[in-house]
1. Filter region 1-59 for residues that are over 18 Å from Ile298 (Cα atoms), at pLDDT 95 or above and touching a strand residue (DSSP E or B) at 6+ places or on another chain (Cβ under 9 Å) and give the result.
2. Name the pairs: first residue in region 269-294 and without any contact (Cβ under 8 Å) to a residue 12 or more places away in the chain, second residue of a type in the set (Phe, Trp, Tyr) and crowded, with 22+ Cβ neighbours inside 10 Å, Cβ to Cβ under 6 Å, at least 6 apart or on different chains?
3. Sort out which residues of region 276-295 are closer than 22 Å to Ser70 by Cβ and either in contact with a helix residue (DSSP H, G or I) (Cβ under 6 Å, 6 or more places away or on another chain) or open to solvent by 50 Å² or more (accessible area, probe 1.4 Å) (or both), and write them in order of number.
4. Would you pick out the residues in region 238-297 that are hydroxyl-bearing (Ser, Thr, Tyr) and within 17 Å of Met116 (Cβ to Cβ)?
5. Is one or more of the residues making up region 365-372 part of a loop (DSSP other than H, G, I, E, B) and either modelled with pLDDT of 85 or more or open to solvent by less than 80 Å² (accessible area, probe 1.4 Å) (or both)?
6. State which residue is surrounded by the fewest Cβ atoms within 10 Å (Cβ to Cβ) when the search covers only region 190-243 and only residues that are aliphatic (A, V, I, L, M) and either within 20 Å of Glu120 (Cβ to Cβ) or touching a Pro at 6+ places or on another chain (Cβ under 6 Å) (or both).
7. Taking region 60-75 as the search range and keeping residues that are among the acidic types (Asp, Glu) and surrounded by fewer than 17 Cβ atoms within 10 Å (Cβ to Cβ), which one is farthest from Phe301 (Cα to Cα)?
Amino acid sequence: MSIYSEYLNKHLNFDQVSNERKKQLKRISSIRENEILVYASDWARKPNTQILPQDLMPFKDQLNQVKGDSIDIILETPGGLAEVVEDMVHLLRKKFQRVSIIIPGTAKSAGTIFTMAADEILMGNTSALGPIDAQILHNGKRFSADAFLDGLDEIKKEVQTSGKLNAAYIPILQSISPAEIQHSKNAQDFSKTLVKKWLSEYKFRTWEKHSSTGKPVTKKEKQSRADTIAAALCKHSKWLTHGKSIRLDDLEELRLRITNYETHPTLCDAIERYYTLLQMTFDMTGIYKLYETITSQIYTFTQQDAPIQSKPGQKNLNTALIDFKCPKCKAITKIQAAFKKDIPLQKNVVPFPKDNIFVCPNCGTKTPLTPLRLDIESKTGKKIIT
């Protein structure tokens, strides 16, 4: 039986999934003998999942929960702003001597740039990084800066060869400013510079001898290898799409050494169990970003359109009334959340569901209320009793 089926058959609720997730995170930390921190986004389904400036505060907060000089980062992200990644790496490198990054699923674009700052990169056979060609906006369209610059070079070569400019290119070129061309070059150079710097400083730090000859590796050779890898990861014409999955074999062809955690069965089991539980956490809630350590966590989740009538934080707060709007039929139901046992149910009000699943009395639609529960408990500082 697969891990996913095993957990599904147990019919775990949110708290049970969370406890099991923490258990597996502790296993990984114990096996690796490292501190551990998770930065993960449910990037396939929810909004605002990119690496953004607002991630710095919760990331730093969770980083402050761990001590020691060595840390593993479990990373799951579609990418985002390389400038924010630079700040995250600065925080990590200021505190830890050795940083390893574990990719159980996907870390693309700026996530791949982040990964190149590791001393050790751990991936499985289905793990994926992605190209780091900067993405730019032009006339409302998003595309690769590298492809944009390559296109301009092709036009230039055609003009040099034929001695004239194809009339079809004129309206295209008229819509492009010199500033946009320079912006594209700067965006590409920024991604390359970060990767080159981090690979040579961190990933290649312990690369002392050539495996083929046994000769010492020079600083210049490290920089040259880093430059080659950075250029390849940036090359849109090599990967053809920014969404391309770059896997273990691809990275080894680039002569980048990756640790395949699947060759370590116990570690592999812990990582795959944690990743499965992470995805289950996303699936059963409105949580779309998670920052966590073994003992702490911060969630970012979508909010339901359900105003709380009782004022959060008021003294002697025993209940909160929520006007919950069904996402399908838009019917509004009053839900009572109790913070003490044996609180009488008010008239024309339904209790907060024990399993956190609200069934609309009007149309029967089932809606997970875990995000709403977390929001209410966060605002009131009290646990809902069901």
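The values are calculated or read from the model by the stated rules, or taken from the named source; none is laboratory data. On a predicted model such as this, the values are computed, not experimentally measured, just so you know. Cβ atoms come from the backbone with ideal geometry, glycine included; neighbour counts cover every protein chain shown. Accessible surface areas use protein heavy atoms only, side chains included; no ligands, DNA or RNA. Shrake-Rupley method; radii C 1.70, N 1.55, O 1.52, S 1.80 Å.
1. Selection gives Ile28, Ser29, Arg32, Glu33, Asn34.
2. Partner pairs satisfying both residue conditions: none exist.
3. Those that are closer than 22 Å to Ser70 by Cβ and either in contact with a helix residue (DSSP H, G or I) (Cβ under 6 Å, 6 or more places away or on another chain) or open to solvent by 50 Å² or more (accessible area, probe 1.4 Å) (or both): Tyr291, Thr293, Ile294, Thr295.
4. Answer for region 238-297, where residues must be hydroxyl-bearing (Ser, Thr, Tyr) and within 17 Å of Met116 (Cβ to Cβ): Ser245, Thr259.
5. Yes, that holds for at least one residue.
6. Val217
7. The residue in question is Asp69.
Listed here are the residues, each with its yes/no results for (1) at pLDDT below 85; (2) touching a helix residue (DSSP H, G or I) at 6+ places or on another chain (Cβ under 8 Å); (3) closer than 25 Å to Gln16 by Cβ.
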{"residue": "Gly313", "(1), (2), (3)": "yes, yes, no"}
{"residue": "Ile322", "(1), (2), (3)": "no, yes, yes"}
{"residue": "Pro327", "(1), (2), (3)": "yes, no, no"}
{"residue": "Lys347", "(1), (2), (3)": "no, no, no"}
{"residue": "Val350", "(1), (2), (3)": "no, no, yes"}
{"residue": "Cys360", "(1), (2), (3)": "no, no, no"}
